[in-house]
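A short write-up of the structure that comes next.
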Amino acid sequence: MSEHRNPFLHPYTTPHETVPFNEIRLEDYEEAFMEGIRRDNELIEKTINSPERPTFDNTILNKDDDEDYYGLLDKVSTVFFNLLSAETNDEMDALAQKMQPILTKHANDIRLNPRLFERIKAVHLHHRRLTPEEQRLLDDTYQGLVRSGALLDEAGKERLRQLTEEASMLSLQFSQNLLKENKAFTLDITDEAQLEGLPETAREAAAQEYQESLEESGERKEVKGWRFTLDAPSYGPFMTYSTQRELREKMYMARNTVCTHDNSENNLEICKRLVNLRREIAQLLGYKTYADYVLKRRMASNTRNVYKLLNDLIDAYKPTAIKEREELKKTLPPAPSKKRGSSKTKSPLPLEESLQPWDIAFYTHKLQMKKYNLDAEMLRPYFELSKVIDGVFGLANRLYGITFKENKDIPVYHPDVKAYEVFDKDGSYLAVFYADFHPRKGKQGGAWMTEYQGQYIDRKGENVRPHVSVVMNLTKPTEDKPALLTLSEVETFLHEFGHSLHGMFANTRFESMSGTNVWWDFVELPSQFMENYAIEKEFLRTFAFHYQTGEPLPDELIRRIVRSRNFMAATACLRQVSFGLLDMAYYTKKEPFEDDIMTFEKQAWKKAILGKQLKETCMSVQFSHIMAGGYAAGYYSYKWAEVLDADAFSVFKRHGIFDQKTAQSFRDNILSKGGTEHPMTLYKRFRGGEPTIKALLKRNGIKRKTK
């Protein structure tokens, strides 16, 4: 038996030097982390002790001297923290708790090193003629250090260290608590009568989940039952179809009270502390609020512009949302008469009294069926996962000429994951693409795109191509059926695939500004843009075939899909706006945050909320985006980018949704440029002007009153 070698400490010998997941052991991470820190420190010492005059090449680009050697910490960190979200376990979680303060201290040691900053400052003031991309890298490097406390006095730097180290640990704890709480809840049913209303796909998935749980616990397999979880493919259908109102309430309350219970996974105080830590960090750096600090490097620029966007959306969409809710109210069954045997029926109770949050999905489905005779289950047979993959890849081929080929020699971290080689339209190698489709025990909820290697030009002039990954929680296959998706899940796939195209088409010199390394209110444009295709007949015709008969999705169903496109669109918009309001409420605080989280939350987003708010429920404690995911003071980005994506897709609608000339322009001006220029400069180069809200309002069928 050969002696184990830490794969992080040696060149990868896998196809395209992909991560050798099959070779990595838990103990390899810590060894590589510590060696990576040592090498970083070696490079810093080499830089600050150099007798040479500071230049762009010997100070900003010094890592290029031996990027394989000095890039170790980035290499191991990327793998470890990606898997911490996609395939973690108790041992990984414990190691994360151990390493997080060490890594944060190391990052602070670099950012707050006065001798390093003086060299970079000297280059910033006096440098050779730079290319626009080099100039942006220099500006980003200098400003990044300033925004990380380089200009603070020693007392300020020490305080900043304390604040950032505590914030990083609490963010990690927040995520770990949320994963544990979400996975801890299950609803087990053994009485088949309680499955009333649930479609066959939901029953089969729940039965399989139940049997798998019995296998794990070593119990008798012949016991019949159904297990429902808080994972989206389980929770969503249950809330939509179950006629068992008490069970819907149980599921809803479980989902919306996670991390509020009196146990070690409670996130209430963590939220409060994170808000205060970020406020203090911002004020230490000279900003009034954390939002002011964040928005300095965003397209929105300031809180005034963010609130203008959110308030404009409320003004435009709220009247329609009120009408949608009133229409939903009419689907409620009439309450029985007080007098037994009376022929008279009582009108429905006032909406706020009769319609509970766990009723919304159920009655929304009924209304959708009434108006359009359409629901998710009708479409599932036409959205078999392998065909959806073909459709999404085919869309990329028609737009950009790229092709995907599965390569089973590329190691993956779980059997659910598929690895593909991606080739450009000229046949040259473009990227590696990983797709991780289904929920499992060690995987966070939601969907996201990430990278295992970013794109850049190395010191030899070679264009190092990216390894990108999309991670989702889509419906799983069962013993009797392949994975059959909902239209919403197809949209999720398209969304994350849009992010991956941003990564795969990256063509910049520096990794730090390639692909999705752009300002956060621009990063959602490529992803949300792709969602537009989900209801386009020409696209659906390429892959939507019945998994059993091979028959194409009928024209009549496509017509209903298109007709129902804006069903409850205003309500959905207000929901997103409410999250943006909550985010801004936390991070525009100037004084220490001492409010009760649950009370504060309900007041913060009240302007965009139409329905009943329950005092026991809480979004903040599970709002990973703004507490642990980098979107703090930035959740408005989704709506900001929606204005951009609607405006951009209007160009395709005008020239043809598969128009290759338009697609090439989108690739050249946006997808390949990363963060090398200001995002509005890139957008205007594609569009020919700045975006307006008109295309979004038109797409959503919203008619704004003229004043």
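The values are calculated or read from the model by the stated rules, or taken from the named source; none is laboratory data. All values derive from a computational prediction rather than experimental measurement. Here the Cβ positions follow ideal geometry from the backbone for every residue, glycine too, while neighbour counts run over all protein chains shown. Areas reflect the complete protein model, heavy atoms only, side chains present, ligands, DNA and RNA absent. Shrake-Rupley method; radii C 1.70, N 1.55, O 1.52, S 1.80 Å.
Please identify every one of the trypsin sites (Lys or Arg not before Pro) in region 199-273 that sits in a loop by DSSP and has no more than 16 other beta carbons within 10 Å of its own beta carbon.
Listed in order of number, the matching sites are Arg220, Lys221, Lys224.
According to a simple spin-label model (label point 7 Å from Cα along Cα-to-Cβ), what is the distance in nm between Leu284 and Lys250?
Placing both labels 7 Å beyond Cα along the Cβ direction yields 4.7 nm.
Given a 1.4 angstrom probe, I'd like the percentage of the accessible area of region 129-172 that is carbon and sulfur, rounded to a whole number.
The C+S portion of the solvent-accessible surface of region 129-172 is 52 percent.
So which of Lys323/Lys653; Lys46/Lys589; Lys157/Lys443; Lys183/Lys606 end up more than 32 Å apart by C-alpha?
Lys46/Lys589; Lys157/Lys443
May I ask you to give the percent of accessible area on region 612-707 that is carbon plus sulfur, with a probe radius of 1.4 Å?
Ligands and nucleic acids excluded, carbon and sulfur reach 49 percent.
Counting only heavy atoms of the protein chains, get the accessible area per residue of the chain (1.4 Å probe) and round it to a whole Å² value.
Computed with neighbouring chains in place, this is 45 Å² per residue.
So for region 565-707, averaging the separation of alpha carbon pairs under 8 Å that are six or more residues apart and normalising by length, what relative contact order in percent results?
Value for region 565-707: 25 percent.
Sequence gap at least 6, Cα distance under 8 Å: using those rules, report the relative contact order of region 125-242 to the nearest whole percent. Before the final figure, lay out the partial values.
Details: 70 pairs, mean separation 28.4, N = 118.
Rounded, it is 24 percent for region 125-242.
Sum up the charges of everything whose Cβ sits under 10 Å from the Cβ of Ser527, counting Lys and Arg as +1 and Asp and Glu as -1, but leave Ser527 out.
Details: positive: none; negative: Glu496, Glu524, Glu531, Asp645.
After counting each charged neighbour, the total is -4.
Roughly speaking, what is the stretch gain from Arg440 to Ala94, that is 0.36 nm per residue apart minus the C-alpha to C-alpha distance, in nm to one decimal?
Details: separation 346, 0.36 × 346 = 124.56 nm, distance 1.94 nm.
That pair, Arg440 and Ala94, stretches by 122.6 nm at full extension.
Which parts of region 1-32 would a label at Lys405 reach, counting a residue when its backbone N lies under 15 Å from a point 7 Å out along Cα-to-Cβ?
15-16
Which of the DSSP-defined H helices in the chain satisfy a minimum axial length of 15 Å, computed from C-alpha atoms, and a minimum mean Kyte-Doolittle hydropathy of 1.0?
In the chain, the long hydrophobic H runs are 72-86.
Could you check how much of the accessible area of region 213-273 is carbon and sulfur, as a whole percent, using a 1.4 Å probe?
That share works out to 44 percent.
Could you work out how far apart the two model spin labels at Glu556 and Arg541 are, taking each label as a point 7 Å from the Cα in the direction of the beta carbon, and quote it in nm?
2.0 nm
When the label point is put 7 Å from the Cα of Glu35 along its Cα-to-beta-carbon vector, which residues of region 90-109 have a backbone N closer than 19 Å?
Only 99, 103 pass the distance filter.
Looking at the chain, which longest stretch skips every one of the GluC sites (Glu not before Pro) that is in a DSSP loop with at most 13 other Cβ atoms within 10 Å, leaving the sites themselves out?
Values: sites that count: Glu3, Glu52, Glu196, Glu219, Glu222, Glu462, Glu479, Glu594, Glu616.
That would be 223-461.
Apply the a/c threshold of 1.5 to the C-alpha gyration tensor of region 9-91 and tell me whether it is rounded, prolate or oblate.
Prolate, because a/c is 1.5 or more and a/b exceeds b/c.
Run the numbers for Asp140 and Arg203: contour at 0.36 nm per residue of separation, minus the present Cα-Cα distance, in nm. If you can, show how the numbers build up before the last one.
Details: separation 63, 0.36 × 63 = 22.68 nm, distance 5.25 nm.
Extra length from Asp140 to Arg203 when fully extended: 17.4 nm.
Rounded if a/c is under 1.5, else prolate if a/b beats b/c, else oblate: with a ≥ b ≥ c from the C-alpha gyration tensor eigenvalues square-rooted, which is region 94-173? Let's see the in-between values first.
Numbers: a/c = 3.09, a/b = 1.92, b/c = 1.61.
Prolate, because a/c is 1.5 or more and a/b exceeds b/c.
Among residues other than Pro439 whose Cβ falls under 9 Å from its Cβ, what is the net charge (Lys/Arg +1, Asp/Glu -1)?
Values: positive: Arg440, Lys441, Lys443, Lys476; negative: Asp231.
Once all neighbours under 9 Å are counted, the net charge is +3.
My understanding is that a pair violates if its Cα-Cα distance is over 23 Å; which of Lys272/Lys615; Lys370/Lys607; Lys121/Lys684; Lys387/Lys441 do that in this structure?
Result: Lys370/Lys607; Lys121/Lys684; Lys387/Lys441 exceed 23 Å.
Once you sort the root eigenvalues of the Cα gyration tensor of region 498-560 as a ≥ b ≥ c, which label holds: rounded (a/c under 1.5), prolate (a/b larger than b/c) or oblate (the other case)?
Details: a/c = 4.90, a/b = 2.71, b/c = 1.81.
Prolate is the answer for region 498-560, as a/c is 1.5 or above and a/b outweighs b/c.
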